[in-house]
Amino acid sequence: MAQDILIMEEVDVRRADDSDDTRVFTINKMALPGLKRKTSEHTPGGGTGTVNFALPMIDALEPKFSVKGVDLDVLRKFGFSAGTNDKWTFASTLRNKKTNRLLPVRATIQGVVCEWSPGEHTPGELIDCDHSLMEVTYYELVVNNEQIFKWSFYTREWIHGGTDVFAEYRAALGV
């Protein structure tokens, strides 16, 4: 069966603990973190080539967003807010073009805004300000109330497609 065409129509980024902290009127771009598995390159001495073996780990997650104008909330709390990293909600809507249904998308991301990059300012135009999160220790992606992906550094969870990838590792280590 052919995959449905899903078009992202609306986006917002806000602090997860403050529903009034919406950027719905200023957000220009939002980028969920890319998922990339760690690999280990191996070239055997008697082999015919190299293999990049996929490991049960992911590379560092780095979500981003950009707003029009200057976001003083982010600047006031740049880096750390109250000494801890912040939990953010990246929200969007997907339109299923076949059924015309609107699907909610929610990503909960815990990390630190480590980069703020204001663009060039031209009089009469709003400045673009880019924000990059790093030190991401938690990421959960839910589409239409279905958990697609969950990863937690501190609890050693990686749930993908309903399977807890790390359950057997935690059991084997007794943690």
Do the sum for the chain: with -39,500 (n - 2.57) for every DSSP H run of n ≥ 4, divided by all residues, what is the mean residue ellipticity at 222 nm, to the nearest 500 deg cm²/dmol? -1500 deg cm²/dmol
Under-5 Å amide H pairs with ILE148, H placed in peptide plane, nonlocal only: LEU141, VAL142, VAL143
With +1 at each Lys and Arg Cβ and -1 at each Asp and Glu Cβ, the charge dipole magnitude of segment 49-175 around its Cα centre, to the nearest 20 debye, comes out at 580
Among the trypsin sites (Lys or Arg not before Pro) in segment 74-134, which ones are in a DSSP loop with at most 15 other Cβ atoms within 10 Å of the Cβ? Mind listing them? LYS77, LYS97, LYS98, ARG101
Sort the following peptides by mean Cβ neighbour count (other Cβ atoms within 10 Å, averaged over residues), highest first: 160-171, 5-16. 5-16, 160-171
In nm, to one decimal, how far is the modelled label at LEU55 from the one at ILE7, with both set 7 Å along Cα→Cβ? 4.2
Taking R0 as 22 Å, what FRET efficiency do you get between ILE127 and PHE78 from their Cβ-Cβ distance, rounded to the nearest 0.05? 0.85
With r defined as the distance between the Cβ atoms of TYR169 and ARG37 and R0 fixed at 25 Å, what FRET efficiency is calculated, to the nearest 0.05? 0.95
Residue (of GLY47, PRO104, GLY34) at the positive-pole extreme of segment 29-114, dipole from beta-carbon charges: PRO104
Whole angstrom only: what separates the Cα centroid of segment 98-121 from the Cα centroid of segment 40-59? 34
Can you pick out the pairs among LYS38/LYS68; LYS38/LYS98; LYS38/LYS77; LYS29/LYS98 whose Cα atoms lie more than 29 Å from each other? LYS38/LYS68; LYS38/LYS98; LYS38/LYS77
Principal axis dimensions, largest first and in whole angstrom, of segment 1-60 by Cα: 61, 35, 19
Along Cα→Cβ, 7 Å out, is where each label goes; now give me the distance between the ones at LYS29 and GLU135 in nm to one decimal. 2.5
Taking a quarter of the surface of the convex hull around the Cα atoms of segment 92-175, what do you get in nm²? 8.7
The correct pair for segment 11-152, radius of gyration to one decimal and Dmax as a whole number, both in Å and from Cα atoms, is 18.6, 65
For GLU157, list long-range residues whose amide hydrogen, built 1.01 Å from N in the peptide plane, is under 5 Å from its own amide hydrogen. SER152
Quotient of Cα Rg and 2.2 N^0.38 Å for segment 109-155, N being how many residues it contains: 1.69
Give me the net charge for the shell around LYS87: Cβ to Cβ below 13 angstrom, other residues only, Lys and Arg +1, Asp and Glu -1. -2
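The numbers here are math on the coordinates, done by the rules we state, and not lab data. These figures come from a predicted structure and were not determined experimentally. When we count neighbours, we look across all protein chains shown, and the Cβ atoms used for this are built from the backbone with ideal geometry, even at glycine.
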